[in-house]
Amino acid sequence: MTTVDQSTVIQPETILDFIDGVTQRRDTPEERVRQEILKSLVREYGYKKDQIEVEYSIKFGSSRKGVDVAIWQPGVAHKQETISIICECKDPKTKSKGKKDGVDQMISYAAACANAQYGMWTNGDELLAFRFLVNEGGKRIHESVPDLPYAGSDVPDDAPKFDQLRPAASDSLLYSFRRCHNYIAGNQGIKKEEAFLELLKIIFCKIQDERDSETPTFYITPSERHSPMDKKKCRKRIERLFANVKKSYETIFKPDEQIELTDEVLAYIVGQIQMYSLLESDVDIKGHAYETIVGSNLRGDKGQFFTPRNMCRMMVRMVDPSEEDVILDPAMGTCGFLVTAMNYVLEQIGESVEKSGRSEVAKQQALSRRKGDFLSHHIVGIDFDPILVRASKMNMVMNNDGTGQLFHANSLEPFAAFPTDLRKALRLDARDVKENKACQAGHGVTAIMTNPPFGSKIPIDDPAILETFDLGHVWTYDENTLDWVMDEKLTSRPPEVLFIERCIRLLEPGVGVAAIVIPNGILGNPGLGYVRQWMLRHAKVLASIDMHPDAFQPNVGVQTSVLVLRRWSAEEEAYCKDGTFQDYRIFMAICDHVGHDKRGQTTYVRDDEGYPIVREQTTAVTGIVASDKESEHSSKERVVDDETMSIADAFHEWRLDNGE
């Protein structure tokens, strides 16, 4: 049995308190909301842990009550009469207007704390903030404000400044996006997909403001929130921003599109996200928040199931793209693979420039030039769903890219049907188009990461498409030669079969590498032997990773594998054409731990007795945009039970050892 230091484990079904790092609290939905708020207060708002107490006992009438979170000013003794901010955190099922645990409870607790200046009530899905004032008559009153103040400041009464914005930390941006979407759906009376597209417009306005405005115009002041006429002032500012958005992103928004939200709903959305700096927020935090909201609204009836971020990172690491590569996802969905690959390469570029020995000015020039060239010419995405293409472009914009090479097209169509600019991006000439494959060195792409749509319910049966694929034909097994033989007849195929051929054909011969998610039936079903034969004769299998059945849960239960392939060169393909194979090694792994269970709940590493293991973890967060300094926050956190990156790192070493 493994011996584990008891200081590194906690009781099952508990959460280690973020503030003191010692107290083990029962793992409940309410506690998860509170711990997320505590992380935000420290990492985003800038409060020190010694300013905060959890379950602080106050005298309330003739009894005592525990305030979920109490905050004091620095250096002030922790007493009931000196509390500055009160936060009440509730289960997501608790409603803000509830008599027992709603907003009124928080306000009544604040009334018992004579000097409380601000209060927050949240259930994760709703977040309401208030400022406490004394009116001219000496009566203590409260007014709603967009957010709590950053440490050492007050909520601004007028427009915020850019240097007051803060990057998002942890899952706070996800909670904000979710609150916005739910508020639109609940108060605008529109469908989920329409609510998402309206939220998309507002997020674009926010980024446009951060990118181009001299001073912020994406805001609503506390006083404007309380006046119907003043809410119209907010609308006018946002509509001016949206007019500029439509000019900047003509491929995303039509000239006649308008913001359809009511003044009330628009004011709420603006208030929820105005104090974030989306451009300065960590790419993983933005990506997780955005893709979670997209995935919950746009997945569905076309065989798509969006790839978890840890799988995206694993597959990108396995392909290991560089700035010289042309990177493609022919079924890009929400752009998860391309964003991950983009940031993977941009980090390489940044490290290379930093080590160059240039002056700081020369470094910035080199960095800008290399990034610009890479983003303009080396990232290509295709999807058949126009809404997903729009969502993908938004994802790239949030990650500081200009969205230049994301295309609305059918990846399975003959190359001749591709738009001219898409053929150029894929480096295809007339001969490639005629033969529907990249025919020579320097043609096609060099890196593909993709998770194509699966399913027999969405077969490809268009003869114009099928005739351009070997795998679109009927294949029969010859008992004498022990080979599968292609017939001239065509037959409908599930899309994943054709995507395998299309990906390999799009790779540069002898050079291009692809990582593809495929259903396990392709690897084991006897009737699909022709697919395996075709793959082996056109590509070298570098790796096969058997993924856990929960990899894509809770959205879909499908058993999958990740195949990593390198396309044969013309000489290698000719050698393999008749079934002659040279022996070679293949990296194989079973991924038993993917970081979540079939309900989508995070899973954690446990010791031999079933106790969750905790580990000191450091998170670097830039407190506000005006500061270039990152503050490090250490806390003991449960260790997520996820071995995807361990497999990717092992494969990376294997490639180096085997000259691949």
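The values are calculated or read from the model by the stated rules, or taken from the named source; none is laboratory data. In this text the structure is predicted, and so the values were computed from the model without any measurement. Here the Cβ is made from the backbone with ideal geometry for all residues, glycine too, and neighbour counts use every protein chain on show. What goes into the accessible areas is simple: the full protein's heavy atoms, side chains included, and nothing from ligands, DNA or RNA. Shrake-Rupley method; radii C 1.70, N 1.55, O 1.52, S 1.80 Å.
Annotation: amide H of residue 382 within the under-5 Å range of 329, 331, 332, 407, sequence separation 5 or more or interchain, hydrogens built in the peptide plane. Peptides 57-65, 537-545, 235-243 ranked from most to least packed, by the mean per-residue count of other Cβ atoms within 10 Å: 537-545, 235-243, 57-65.
With contacts taken as Cα pairs under 8 Å at a separation of at least 6 residues, region 167-299 carries a relative contact order of 45 percent.
3J(HN,Hα) along region 497-505: 5, 5, 5, 4, 5, 5, 4, 5, 5 Hz, from the Karplus curve 6.51 cos²θ - 1.76 cosθ + 1.60 with θ = phi - 60°, whole Hz, x for Gly and Pro.
Applying 1/(1 + (r/R0)^6) with R0 = 56 Å to the Cβ-Cβ distance of residue 588 and residue 211 gives a FRET efficiency near 0.75.
Taken one residue at a time, the phi angles of region 285-293 give Karplus couplings (6.51, -1.76, 1.60, θ = phi - 60°) of 5, 5, x, 4, 5, 5, 5, 5, 5 Hz. Gly and Pro are set to x. Would you mind classifying region 278-434 by shape? Square roots of the alpha carbon gyration tensor eigenvalues, ordered a ≥ b ≥ c; an a/c under 1.5 is rounded, otherwise it is prolate if a/b is larger than b/c and oblate if not. Cα axes put region 278-434 in the oblate bin.
Rounded, prolate or oblate for region 160-242? Axes are the square roots of the Cα gyration tensor eigenvalues, ordered a ≥ b ≥ c, and the cut-off for rounded is a/c under 1.5. Because a/c hits 1.5 or more and a/b fails to exceed b/c, region 160-242 counts as oblate.
Listed here are the pairs 49/636; 97/286; 161/236; which of them are more than 25 Å apart at the Cα?
On the way: 49/636 13 Å; 97/286 30 Å; 161/236 19 Å.
Too far apart for the 25 Å limit: 97/286.
Of the peptides 271-283, 155-167, the ranking by mean beta-carbon count within 10 Å, highest at the top, reads 271-283, 155-167.
Residues of region 45-60 with amide nitrogen under 19 Å from the 7 Å Cα-to-Cβ point of residue 111? The answer is 58-60. Each residue of region 24-31 was assigned a 3J(HN,Hα) from its phi angle through the Karplus curve 6.51 cos²θ - 1.76 cosθ + 1.60 (θ = phi - 60°); the sequence is 9, 9, 4, 6, 10, x, 5, 5 Hz, with glycine and proline shown as x. Mean sequence separation of contacting Cα pairs (under 8 Å, at least six apart), scaled by the length of the chain, corresponds to a relative contact order of 12 percent.
For residue 192 and residue 358, the FRET efficiency from 1/(1 + (r/R0)^6), where r spans their Cβ atoms and R0 equals 45 Å, is about 0.35. Each distinct pair of alpha carbons in region 473-622 adds a 1/r term; the inverse of their mean, the Kirkwood radius, is 18.3 Å.
Potential lengthening of the chain between residue 461 and residue 283 amounts to 60.1 nm, from the contour at 0.36 nm per residue minus the alpha-carbon distance.
Taking a 1.4 Å probe, which of 97, 191 shows the most accessible area, and what order do the others take after it? Write out the running numbers ahead of the final one.
On the way: 97 185, 191 150 Å².
Descending order: 97, 191.
Apply the a/c threshold of 1.5 to the C-alpha gyration tensor of region 367-518 and tell me whether it is rounded, prolate or oblate. Here region 367-518 falls in the prolate category.
Amide hydrogen proximity for residue 560: with H placed 1.01 Å from N in the peptide plane, the residues at 5 or more positions away or on another chain lying under 5 Å are 520, 547. Cross-link partners of residue 90 among lysines, defined as those whose alpha carbon lies under 19 angstrom from its own and excluding same-chain residues fewer than eight positions apart: 39, 65, 99, 100. Subtracting the Cα-Cα distance of residue 229 and residue 159 from 0.36 nm times their residue separation leaves 23.5 nm of extension gain. Between 560, 222, 368, the Cα set farthest toward the positive side of the dipole of the chain (charges on each charged residue's Cβ, about the Cα centre) is that of 222. Partners of residue 95 within straight-line reach, counting aspartates and glutamates whose Cα lies under 20 Å from its Cα and excluding those fewer than 8 residues away in the same chain: 30, 31, 36, 68, 104, 125, 126, 143, 147, 264. Computing semi-axes √(5λ) of the Cα gyration tensor in Å directly from the structure and comparing it against (1) 49, 29, 23; (2) 38, 31, 24; (3) 46, 32, 20 singles out (1). For the listed peptides 438-449, 311-322, 328-339, 599-610, a ranking on the average number of other beta carbons within 10 Å per residue, highest first, reads 328-339, 311-322, 438-449, 599-610. If the chain linking residue 479 and residue 256 were pulled fully straight, counting 0.36 nm for each residue of separation and taking away their Cα-Cα distance, it would gain 74.0 nm.
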